[in-house]
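S.K.: Could you have a look at this structure, given as structure tokens, before my questions?
The values are calculated or read from the model by the stated rules, or taken from the named source; none is laboratory data. For clarity, every value in this text was computed on a predicted model and none was experimentally measured. Reconstructed Cβ throughout: ideal geometry from the backbone, glycine too, with neighbour counts over all protein chains shown.
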Amino acid sequence: MKHNVLGGTGISVSQLCFGVLPMGPNQFGLSPEEGGQLIREGILSGINFLDTAQSYGTYPHIRQALDSLKHKRDDVVIATKSTASTYEEMKAAVEEARAALDRDVIDIFHLHAARVDASVFKERQGALECLVDSKSKGVIRAVGISTHSVSAVRAAMDISEIDVIFPIINKEGLGILHGTRDEMAGAIRQASLRGKGVYAMKALGGGNLLDDRRGAIDYVRNLPGVSSVAIGMVNRDELTMNLCIFNDQEVAEELAETTLREKKLIVQVFCKGCGRCVEICPNMAMEVIDGKAGNHAEKCILCGYCAPVCPEFAIRLV
Ligand code: SF4
Ligand code: SF4
């Protein structure tokens, strides 16, 4: 599989990044053993790049894979992220990741900033300062931002402390905030020309573009400036199929059919109507009506960000 260096970081990553969100407790609920086995298979098949977050609950899955790889464990590049706002909160998030993953150094640590615009850098200045200090102490290798916002990508390219940008982009423009698909593609290209490392999320639009998996992936992986594409995987068929695509191999027809898995979001009856899911949703896809949350499927990109904030554990992506 092709590998690319992420901007000026010197970090070389496989073009297919293993997205570790959907195997976690908020979505498919694989055990750390099951998830760890799948990640291990991905790494042994040529993937060296994993993307996770403090809120995904998947550090144990990654730890299982790393522990089983022994001498190869340090060859794996790990990106994680936190929604922390203050210096102290981010410091705790970095320490949590180091301890949970049993790693002295985390490769890439992002401000997890899905729905906010360019104001994020002012509003979460303390968290950004902590990441910059962590890098100077050698505790992380690169500082990043993960975002759905075109304006945040544009702002990040002017901030010298940001090494890596992790934006949403897909061929239908699903879930992109503060601009169009083509404006996001332009911002990505510009950011890369300014020396930022860019890898992309949601190439499959949270499962909405599965009808043309190869076309959707090829659109993103061929965009100028994109070094890698994070794709969430929860079973061996999906892993095999994505490996075929990224290795430019044909995909067996039966395999293409088995991986046409439709995801959906379910709000369970014990929803209390508190509205936290409405506040966090980047796409205005949740609404509380008559004391119960409802999902607007046409706006929902199945990103899963609403599930962990629900105090009642009422949201499931299945
Ligand atoms: S966060 Fe949970 S309890 Fe609150 S409105 Fe949303 S689904 Fe209901
Ligand atoms: S409703 Fe939930 S899963 Fe859907 S876009 Fe909003 S945060 Fe993401």
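S.K.: Here is a check on your reading of the model: is Leu255 surrounded by fewer than 23 Cβ atoms within 10 Å (Cβ to Cβ) and either touching a Cys at 6+ places or on another chain (Cβ under 8 Å) or over 19 Å from Gly19 (Cα atoms) (or both)?
M.R.: Answer is yes for this residue.
S.K.: Now a separate question. Scanning region 283-318 for residues that are charged (D, E, K, R) and more than 6 Å from ligand 1 (Cβ to nearest atom), which turns out surrounded by the fewest Cβ atoms within 10 Å (Cβ to Cβ)?
M.R.: Asp290
S.K.: Right, here's the next one. Being more than 6 Å from ligand 1 (Cβ to nearest atom) and in a loop (DSSP other than H, G, I, E, B) is the filter; apply it to region 264-282 and report the residue that is surrounded by the most Cβ atoms within 10 Å (Cβ to Cβ).
M.R.: Restricting to residues being more than 6 Å from ligand 1 (Cβ to nearest atom) and in a loop (DSSP other than H, G, I, E, B), the top hit is Cys281.
S.K.: Check Ala256, Ala191, Ala203 and return the single one that is of a type in the set (Gly, Ala, Ser) and within 30 Å of Ala314 (Cβ to Cβ).
M.R.: The unique qualifying residue is Ala203.
S.K.: May I ask you to list the residues in region 123-154 that are polar (S, T, N, Q) and either assigned to a helix (DSSP H, G or I) or farther than 29 Å from Met284 by Cβ (or both)?
M.R.: Within region 123-154, Gln125, Ser134, Ser136, Ser151 meet the criteria.
S.K.: Pairs only if they're at least six apart or on different chains, beta carbon under 8 angstrom, first in region 214-233 and in the same structural domain as Val20 (by TED's automatic domain parsing), second of a type in the set (Lys, Arg); list them, first residue then second.
M.R.: Every condition considered, the pairs that remain are Gly215/Lys171; Ala216/Lys171; Tyr219/Lys171; Val220/Lys171; Leu223/Arg189; Pro224/Arg189; Gly225/Arg189; Val229/Arg221.
S.K.: Another question, then. Please verify whether Arg214 is away from ligand 1 (no atom under 16 Å from the Cβ) and farther than 30 Å from Leu265 by Cβ, treating the condition exactly as stated.
M.R.: For Arg214, the condition - away from ligand 1 (no atom under 16 Å from the Cβ) and farther than 30 Å from Leu265 by Cβ - is not met.
S.K.: Quick check: anything in region 288-310 among the charged types (D, E, K, R) and in contact with a Lys or Arg (Cβ under 8 Å, 6 or more places away or on another chain)?
M.R.: no
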